[in-house]
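In what follows, a structure is listed as C-alpha cells, so that the remarks can point back to it.
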Amino acid sequence: MSHPDQRIIDFIGEHHIFTIAVSRDNQPWCATCYYVYLEEENHFIFTSDHDTRHIRDVVEGNNYRVAGTIALETKIVGRIRGIQFTGDIEIPNSPALQRRAKTAYLRRFPIARLMPNLHLWVLQPDFIKMTDNRLGFGKKQTWTAGETPKSG
C-alpha cells in the first residue's frame, strides 16, 4: 500500500476537523466532522450518527464516494496550506480495525466516551492534493493510491 508524502501526513496530524462532501440524487451536501488519522492504514476515522443527512445520503443513496478538505485558516497568503481529497467511506469492517479505530478516536477525543452510541466510520483516501504556499505560491503536491507522490 502506498502512503502520502510525510508533509501531507504531518499536516493531517496537525488538524482534527475535516469537511466531507457527499451527493445523493444530484444534490450535494457538506458536513464538518472531527477525525483521527491512522497513519499505518492511511485511514481517517470519524464519527457520525446514522440519522445525519450526510450519512443518510451516503447509505440510502448507495454512494460511499466522498470528497473533502482540511484547511489551515490564515490571512497570511504565504502561510496558506490545505488538502483536498477523495475516497470511500465504510463502517470499520473487521474487529481489529474497529478496536484500533475506537481506541485512537477516544484517545484523541476523550469526551466522545460520553456519547451513548459511537458510530465510527473509516474514510480511505485514494487521492490527496496539498497546497503549501510556504514552499512557493500555489505549490501543489499530489498523491494517488498506488503511485509515488508528485510535486508541482
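Laboratory data are not the source of any read-out in this text; all were calculated from the coordinates shown. These figures come from a predicted structure and were not determined experimentally. Neighbour counts are summed over all protein chains in view; Cβ atoms, including those assigned to glycine, are modelled from backbone coordinates with ideal geometry.
When the chain is treated as a GNM with alpha-carbon contacts under 10 Å, the residue of Ser94, Ser48, Ser23 showing the greatest mean-square fluctuation is Ser94. Paramagnetic label reach from Lys139 (point 7 Å along Cα→Cβ; backbone nitrogen cut-off under 20 Å): within the stretch 1-20, residues 4-15. Fewest-first ordering of Asp5, Asp51, Asp10 by other beta carbons within 10 Å of each residue's beta carbon gives Asp51, Asp10, Asp5. The residue among Ala104, Ile45, Leu72 whose Cα reaches farthest toward the positive pole of the charge dipole of the chain, with charges on the beta-carbon of Lys, Arg, Asp and Glu, is Leu72.
Over the residues of the chain, the helix contribution to mean residue ellipticity at 222 nm works out to -6000 deg cm²/dmol, using -39500 (n - 2.57) for each DSSP H run of at least 4.
Legend: ranking of residues Arg53, Arg81 from fewest to most surrounding C-beta atoms inside 10 Å; resulting order Arg53, Arg81. Considering only Phe127, Phe44, Phe137, the Gaussian network model of the chain with Cα springs below 10 Å gives its largest mean-square fluctuation to Phe137.
In terms of surrounding Cβ atoms within a 10 Å radius of their Cβ, Phe109, Phe11 rank from fewest to most as Phe109, Phe11. Which of the three applies to the stretch 55-121, rounded, prolate or oblate, going by the alpha-carbon gyration tensor with a ≥ b ≥ c and a/c under 1.5 meaning rounded? Here the stretch 55-121 falls in the oblate category.
The modelled label-to-label distance for the pair Leu72/Lys102, using points 7 Å beyond Cα in the direction of Cβ, is 3.6 nm.
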